[in-house]
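Undergrad: This is the structure, below, for whatever I ask next.
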Amino acid sequence: MLERVTGPGITPRRSLRQNMTHLGPTEISDDATEGARSNLSRPSVWESTASWCKNYLHVPSSVKIFYYLTTLLALSTIQHYVDLPHLEGLTGKYSVLNQVFVKKGWGFTLAVFLPFGFFSLLLRPKLMICLKHLIVRSAVTTFFFFIWCQILFPTVDNFSGSCIAGNETLAVTKKECLSTEGREYFSFDISGHSYLLTYCVMIMMEESKEILYFLWLGRRLFGDTAQDKTETSAWPDLNEKQVKALKSRFSKLSPFVAFTFLNMCALALLWDFMLLVTTLYYHTFAEKVIGTVLALLMWGFLYKAAFPWLFTLEMLRS
């Protein structure tokens, strides 16, 4: 049976078999030979690449959450008891990875999942509705990134902060405090990195699910469809000319879909690595727990509740 294929935050659609003519043979007789099967088109290099990356991005969300929470506990325990030396090029506060990538982490995340979404949705039958959903998800997730990381976390830091100079407490801002040597700044600094990196990876896991439709369509158009008995995305009836045009469009878009999906996978790997660095070297346990848990809660609220409800509204269904 073919796996369920739906885009992130998109409500299930009617069965494909109710809405479309077959794009290829839908069954092979029980006595078909292996030689006959071998004559079917093999997946392209782009489809194969996408399949390999899918194994990393599409682990079950429950497994990913368990991984984040257990590594948070384990590495924070190590940080508490072991004074680990920094590898400045990788773990330092002023490393390129931190200053260039993580500091602009949400921008990089948008820069990889928006092109992937655009190219992959060009193969969808209801393109304008799908693009509308993509824009809404991008805007809403950006809003909640901004609210937490740019407003609420800095506000908590400022209100809880104290600038200490010797035995004296100074009423100055964090920036003013740290601009002078001999001063120390203490505050409850919720880990924006823990929030941002967890939030970004969980969102990319959701947005990357469109690759399932891409892989299914490739099998349907060019490969063995014997096992593809069901599909939840509706496609209108297609005549031979339309099928030929779809095959041509699929072949032209495949490199772009696979390349942007590979970029998303690579960025998710980088974010997971930088999250390990943050957990092992920076912030208190409580600051990291709050940042990580808030990110997981926001992901769950948006993709499991808010978006499915929003996309049932008439203005977003047509």
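Undergrad: Residue by residue through region 122-164, note down the ones that are without any contact (Cβ under 8 Å) to a residue 24 or more places away in the chain and touching a Cys at 6+ places or on another chain (Cβ under 8 Å).
TA: The answer is Cys163, and nothing else.
Undergrad: If you don't mind, another one. Looking at (1) under 18 Å from Phe307 (Cβ atoms); (2) more than 18 Å from the chain's Cα centre (by Cα), can you tell me which one Gln79 breaks?
TA: (1)
Undergrad: Right, another one. Conditions first: (1) within 30 Å of Arg249 (Cβ to Cβ); (2) free of Cβ contacts under 8 Å to residues at least 24 places away in the same chain. Lys103 passes all but one, so which condition is the exception?
TA: Just one mismatch for Lys103, condition (1).
Undergrad: All but one of (1) modelled with pLDDT under 95; (2) surrounded by fewer than 18 Cβ atoms within 10 Å (Cβ to Cβ); (3) over 15 Å from the mean Cα position of the chain (by Cα) hold for Leu276; which doesn't?
TA: Against the list (1) modelled with pLDDT under 95; (2) surrounded by fewer than 18 Cβ atoms within 10 Å (Cβ to Cβ); (3) over 15 Å from the mean Cα position of the chain (by Cα), Leu276 comes up short only on (1).
Undergrad: Please state which one of Leu131, Leu114 is within 30 Å of Val243 (Cβ to Cβ) and either open to solvent by less than 40 Å² (accessible area, probe 1.4 Å) or of a type in the set (Val, Ile, Thr) (or both). First the steps, then the outcome.
TA: On the way: Leu114 fails: either open to solvent by less than 40 Å² (accessible area, probe 1.4 Å) or of a type in the set (Val, Ile, Thr) (or both).
From the options Leu131, Leu114, the qualifying one is Leu131.
Undergrad: I'd like to check something: does region 73-93 contain any residue that is open to solvent by 40 Å² or more (accessible area, probe 1.4 Å), modelled with pLDDT of 95 or more, more than 16 Å from Leu275 (Cα to Cα) and not polar (S, T, N, Q)?
TA: No, that holds for no residue.
Undergrad: Given the options Arg124, Arg137, name the one that is of a type in the set (D, E, K, R), over 19 Å from the mean Cα position of the chain (by Cα) and under 20 Å from Met204 (Cβ atoms).
TA: Details: Arg137 fails: over 19 Å from the mean Cα position of the chain (by Cα).
Just a single option satisfies the conditions, and that option is Arg124.
Undergrad: Cβ-Cβ under 7 Å, sequence separation 6+ or interchain: first residue in region 272-298 and over 16 Å from Asp157 (Cα atoms) and touching a residue at least 12 places away in the same chain (Cβ under 8 Å), partner crowded, with 19+ Cβ neighbours inside 10 Å and charged (D, E, K, R). Which pairs?
TA: Thr279/Lys288
Undergrad: May I ask you to say which residue of Val293, Val201 is of a type in the set (A, V, I, L, M), modelled with pLDDT of 95 or more and open to solvent by 20 Å² or more (accessible area, probe 1.4 Å)?
TA: Val293
The values are calculated or read from the model by the stated rules, or taken from the named source; none is laboratory data. Just so it is clear, the model here is predicted, and its values are computed rather than measured. FYI the Cβ positions are ideal-geometry reconstructions off the backbone, even for glycines, and counts take in every protein chain you see. Accessible surface areas use protein heavy atoms only, side chains included; no ligands, DNA or RNA. Shrake-Rupley method; radii C 1.70, N 1.55, O 1.52, S 1.80 Å.
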